[in-house]
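All of the numbers you see were taken from the coordinates with simple rules; none came from a lab. Small disclaimer: the values here were computed from a predicted structure and weren't measured. Backbone-built Cβ (ideal geometry, glycine too); neighbour counts: all protein chains shown.
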Ligand code: 3PG
């Protein structure tokens, strides 16, 4: 599927309604990590240089940091020329309800809609799926990059290793099932691995588990697949598993060296706690040093890489998406992609 790109359209003098994802971590009104904003700047600058008037829509998840003011200040220093940033769109109930009237009102602010918020495009919200019904709609550069690089994981070079860590088994299960058909090996770490240990009747003590999910047949099928690799040892705090163990680190590092393609989502342990970061840090270093094409994503994974002080350019592609990445990997599309490609304004040229 080809996305409708902004590259070839005439935007001079047009009002561009740009959906960006500036949902960035903030502390005491200061931006802690500007990765997502940085990655959106090429689209903003392109539109500005081509003579468009840019009106940006974004959201913040965190209830304690409801204002996008720090982002507005950031943009005023980094963007040449004027852009307008609307206040946190989730302050309006119509956004999450995908209210038609609200989407129409938003659409009136622009002549063209551009989605550069791949990382929010798993949400059926007005600013993602509603506006494209009323405006000619296109994708920004970051959106295109996310789409292209994540799609590459469906036709990877082999051997292909998928490393899946983290906690939320429910959101990772569909991805796991899909990649059992594509990957050569799937290494499971983090709290996800505890579930497998538990079913294998390995003592997990008080470790985090998702017992409800284990009632399902789907999980048992995964367990029978020989592609699944579990850590051979673990590191515990009292009776709680918090990291993969030293032997597992060695084994995983060797595995990484053999690969031509690596997809990584989710830390392998509780890397924020001192003494339990080793597995995640070792994986990050091994992937950064390998010759394999590497695609990584998920907020926690990137936070871990930053903690390991590894420059992001050491990886082939670092996704800005978390939940959207998992959903795209599981289904090959997102509500925001469908909305753009099905818009009735698609053929209208400017
Ligand atoms: C994210 O951080 O994954 C996106 O900005 C989406 O945020 P949300 O989970 O609040 O929809």
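Under Stokes-Einstein, with the Kirkwood radius over Cα pairs standing in for Rh, what whole-number D in µm²/s applies to the stretch 1-143 at 25 °C and 0.890 mPa s?
The estimated diffusion coefficient comes to 162 µm²/s.
With labels modelled as points extended 7 Å from the Cα through the Cβ direction, what inter-label distance (nm, one decimal) is found for residue 211 paired with residue 100?
The modelled label-to-label distance comes out at 4.7 nm.
Counting each DSSP H run of 4 or more residues in the chain as -39500 (n - 2.57), what helix-only mean residue ellipticity at 222 nm follows after dividing by all residues, to the nearest 500 deg cm²/dmol?
Details: 13 runs with 127 residues, N = 350.
Taken over the chain, the calculation gives -10500 deg cm²/dmol.
Share of antiparallel DSSP beta bridges in the chain, in percent to the nearest 5?
So the antiparallel bridges amount to about 15 percent of the total.
Tell me the angle of helix 69-78 to the major Cα principal axis of the chain, expressed in degrees between 0 and 90 and rounded to the nearest ten.
Helix 69-78 sits at roughly 80 degrees to that axis.
Pull up the DSSP beta bridges for the stretch 155-319 and report the antiparallel fraction as a percent, rounded to 5.
20
Could you state the principal axis extents of the C-alpha atoms in the stretch 155-319, from the largest down, to the nearest angstrom?
Each principal axis gives a Cα extent; for the stretch 155-319 these are 40, 36, 26 Å.
Give the peptides 49-55, 25-31, 73-79 in descending order of average Cβ contacts within 10 Å, highest first.
Order by mean packing, descending: 49-55, 73-79, 25-31.
In degrees from 0 to 90, rounded to the nearest 10, what is the angle of the helix 169-179 Cα long axis to the longest principal axis of the chain?
Its long axis makes an angle of about 90 degrees.
Compare the peptides 225-236, 322-333, 185-196 by average per-residue count of other Cβ atoms within 10 angstrom and give them in order, highest first. Before the final figure, lay out the partial values.
Details: 225-236: 16.4, 322-333: 20.5, 185-196: 23.2.
Ranking the peptides 225-236, 322-333, 185-196 by packing returns 185-196, 322-333, 225-236.
Given a cut-off of 27 Å, what percent of all Cα-Cα pairs of the chain lie beyond it?
For the chain, the share of Cα pairs beyond 27 Å comes to 49 percent.
Give me the angle, in degrees from 0 to 90, between the Cα long axis of helix 141-151 and the longest principal axis of the Cα atoms of the chain, rounded to the nearest 10.
Here the helix axis deviates by roughly 30 degrees.
Based on the mean of other Cβ atoms within 10 Å per residue, sort peptides 147-157, 130-140 so the most packed one is first.
130-140, 147-157
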